[in-house]
Every structure is written in C-alpha cells, then in structure tokens.
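In what follows, a structure is listed as structure tokens, so that the remarks can point back to it.
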Amino acid sequence: MLDAAKYFVQEILKDGSKVTIRAIHPDDKDGLVRAFAALEPQTIRLRFFYPKRSLTDDELRRLQRMDYQQRVGLAATVQSGCEEVIVGFGEYVARDQSAEIAFVVEEDWQGRGIASRLLQHLIGIARERGVLQFEAEVLKENGPMLAVFRHSGLTMTTRNGDDSVLVTLVLN
C-alpha cells in the first residue's frame, strides 16, 4: 500500500507552472499559518462558511497530525526563491467508507488546476484505503469548486440546502 505520509509528486500545471503535491508534515505549522494569512477574506468564507482571521490552535494541531489512514492532507507548494510556499491544501477525513473532503487554494493560484490535482491525488489515496465516496459541503456561490467536482470524472450527485450544496462523488 502507498505510504501517503511520504506522498510527493511534482506536477506541471496547465499554465506551465511547477507545483509539488506532497503530504502535509508536522513541521508545516509556520507554512500553514503563512498560507492562511495570504488568503483573501472571501476565499476564507467560501472554505469555512464564515469569516475568520486565523486558524485556531486546535485546527493547526489537527492539520499537522494526519494519520494518513482516516485523515489525509496534501499541500500544494511552489518554490519562491529558496523557500517552499504552500499555495493550496486538500484533505479528507474518512468515516467508514465515506470521507468528507475540503480544499483551499490561494487566489493567485486559483484557476490553474491545483484543486483538481489535489482531488485526483486524494482520490488515489482514498481508493487504496477502501473509501468509496467523498462528500463536500460547498456554498452555492462557490462555482469554481463545484466545477472542480463536476469535471472530476466521477459520478456526482448533489443535494441542495439553504445556502450550500452537499456534493457526493462516487470513487469506484
């Protein structure tokens, strides 16, 4: 079985940019804090459903403590000089054969295929671990994220709520 804790793939995006998709590590705390601080308020609201100024200590601990069985997190990183910068993040949390999935990509990197790449890599890891479906709650106004799911190549069903859509992707 693939060791997701050591996951590391380099990709070329559709605009020619190089990005690394890798497992989130316990020592990524500062990078995650900087990545969150770089997000626009609208992006934060679309991801968390409400405005917030920072990640809580509990959220940071959770993000740093992936078990790579039930909880899998991948970072999308780029080089900026000699520094690695986190520009996107995707994770899933599995309960039995279903997993909740979520993403966020920094605005300057949106529209380049990072969320789609993160999704495809998470699909591969999840399938190996017996996950049969992903679920995501997405604000109705988050058209780009809904498009990522629609264009994933997976069977997709949706259920509308008041302000959000529950998306289910079948992985088999």
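The values are calculated or read from the model by the stated rules, or taken from the named source; none is laboratory data. Everything numeric in this text was worked out from a predicted model, so none of it was measured. Note that we place each Cβ from the backbone using ideal geometry, even for glycine, and neighbour counts take in every protein chain shown. Only protein heavy atoms, including side chains, enter the accessible area calculation; ligands, DNA and RNA are left aside. Shrake-Rupley method; radii C 1.70, N 1.55, O 1.52, S 1.80 Å.
Summary table
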read-out: Counted residues, segment 67-81 - those being out of contact with any His (no Cβ under 9 Å at 6 or more places or on another chain), in contact (Cβ under 8 Å) with a residue 24 or more places away in the chain and not hydroxyl-bearing (Ser, Thr, Tyr); value: 7
read-out: Enumeration of residues in segment 63-104 that are of a type in the set (Gly, Ala, Ser) and within 20 Å of Glu128 (Cα to Cα); value: Gly73, Ala75, Gly90, Ala94, Ser98, Ala99, Ala102
read-out: Failed criterion for Arg62 (all others in (1) touching a strand residue (DSSP E or B) at 6+ places or on another chain (Cβ under 6 Å); (2) of a type outside the set (Gly, Ala, Ser); (3) surrounded by 15 or more Cβ atoms within 10 Å (Cβ to Cβ) hold); value: (1)
read-out: Given (1) in contact with a Gly (Cβ under 9 Å, 6 or more places away or on another chain); (2) open to solvent by less than 30 Å² (accessible area, probe 1.4 Å); (3) of a type in the set (A, V, I, L, M), index of the condition Val85 fails; value: (2)
read-out: Among the residues listed as Asp96, Asp67, Asp108, the single one being open to solvent by 70 Å² or more (accessible area, probe 1.4 Å), under 17 Å from Lys6 (Cβ atoms) and out of contact with any strand residue (DSSP E or B) (no Cβ under 7 Å at 6 or more places or on another chain); value: Asp67
read-out: Condition met for Arg53 (open to solvent by 70 Å² or more (accessible area, probe 1.4 Å) and under 15 Å from the mean Cα position of the chain (by Cα)); value: no
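Residue-by-condition table, conditions (1) part of a strand (DSSP E or B); (2) in contact (Cβ under 8 Å) with a residue 12 or more places away in the chain; (3) within 25 Å of Asp3 (Cβ to Cβ); (4) open to solvent by less than 30 Å² (accessible area, probe 1.4 Å):
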position: Val131; (1), (2), (3), (4): no, yes, yes, yes
position: Phe134; (1), (2), (3), (4): yes, yes, yes, yes
position: Val138; (1), (2), (3), (4): yes, yes, no, yes
position: Glu141; (1), (2), (3), (4): no, yes, no, no
position: Pro144; (1), (2), (3), (4): no, yes, no, no
position: Val148; (1), (2), (3), (4): no, yes, no, yes
position: Arg159; (1), (2), (3), (4): yes, no, no, no
position: Val167; (1), (2), (3), (4): yes, yes, no, yes
